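First comes the structure, then the notes that go with it.
The values are calculated or read from the model by the stated rules, or taken from the named source; none is laboratory data. From a predicted model like this one, the values you see are computed outputs, not experimental measurements. Neighbour counts are summed over all protein chains in view; Cβ atoms, including those assigned to glycine, are modelled from backbone coordinates with ideal geometry.
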Amino acid sequence: LGLTFSWAAPEGIAAATGQVGALALVLWAAGFLWILGYDTIYAHQDRADDAMVGIGSTALHWGERTRPFLAACYAGVVALLVAAGVMAGLSWLFLPAMLLPAGLLARQVLTLDIHDPARCLRLFQSNREVGLAVTLAFLAGRL
C-alpha cells in the first residue's frame with residue numbers, strides 16, 4: 001500500500017519538472033513511512049480476523065511492539081518532510097509550522113491502544129488532520 005500510494009509524489013514532480021530527483025524520492029519515502037504507520041494502526045482493528053484466516057499484516061507482526069515501530073515510522077516521516085522542505089528552499093516559517101503535524105503524529109503514538117478497535121479507527125481517521133497540517137506547513141514555507 002505504502003509503495004503504491006506514495007508514488008504520486010515522484011510522478012507529480014516528474015510531470016512538473018521532467019525529472020525525478022532527490023526531492024521526489026525523499027517525499028516518496030516520507031509518504032511510504034506515513035502510510036506504513038497509519039495502515040498498521042488501521043490493521044489492529046481486525047488483527048484477530050487476519051490471524052484466523054492466515055493473512056499477514058504489520059499489526060500481527062509488530063503486535064505489542066507496535067508503539068515503538070509507529071514512533072520510528074513517524075519520526076522518519078517528520079525528518080524526511082523537514083528534509084524535503086529544506087531541499088525545496090522553503091522559508092523559515094516551514095520549520096515551526098511542522099511542529100503541528102509532528103505533534104499530531106506524536107499524539108497518535110502516545111494514545112494508541114491496540115486492544116481498542118474504536119480508538120484505532122479514530123487515530124487512523126485523524127490522519128486527515130495530519131495531511132492538512134503538512135499541507136499548511138508547506139504553504140507557510142512558501143510565504
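Does any residue of the range 42-55 turn out to be buried (at least 20 other Cβ atoms within 10 Å of the Cβ) and within 21 Å of Val82 (Cβ to Cβ)? Taking every residue of the range 42-55 in turn, none turns out to be buried (at least 20 other Cβ atoms within 10 Å of the Cβ) and within 21 Å of Val82 (Cβ to Cβ). Number of residues in the range 115-130 that are without any contact (Cβ under 8 Å) to a residue 24 or more places away in the chain and either surrounded by 15 or more Cβ atoms within 10 Å (Cβ to Cβ) or under 22 Å from Trp28 (Cα atoms) (or both) equals 4. Might you check whether a residue that is over 19 Å from Gln125 (Cα atoms) and modelled with pLDDT under 90 occurs anywhere in the range 63-74? Yes, there is a match, as at least one residue in the range 63-74 is over 19 Å from Gln125 (Cα atoms) and modelled with pLDDT under 90. Among the criteria (1) surrounded by 14 or more Cβ atoms within 10 Å (Cβ to Cβ); (2) under 17 Å from Ile41 (Cα atoms), the one Ala140 does not fulfil is (2). Restricting the first member to the range 93-114 and to residues that are in contact (Cβ under 8 Å) with a residue 60 or more places away in the chain, and the second to residues that are among the acidic types (Asp, Glu), the beta-carbon pairs closer than 9 Å and six or more apart or on different chains are Ile114/Glu64.
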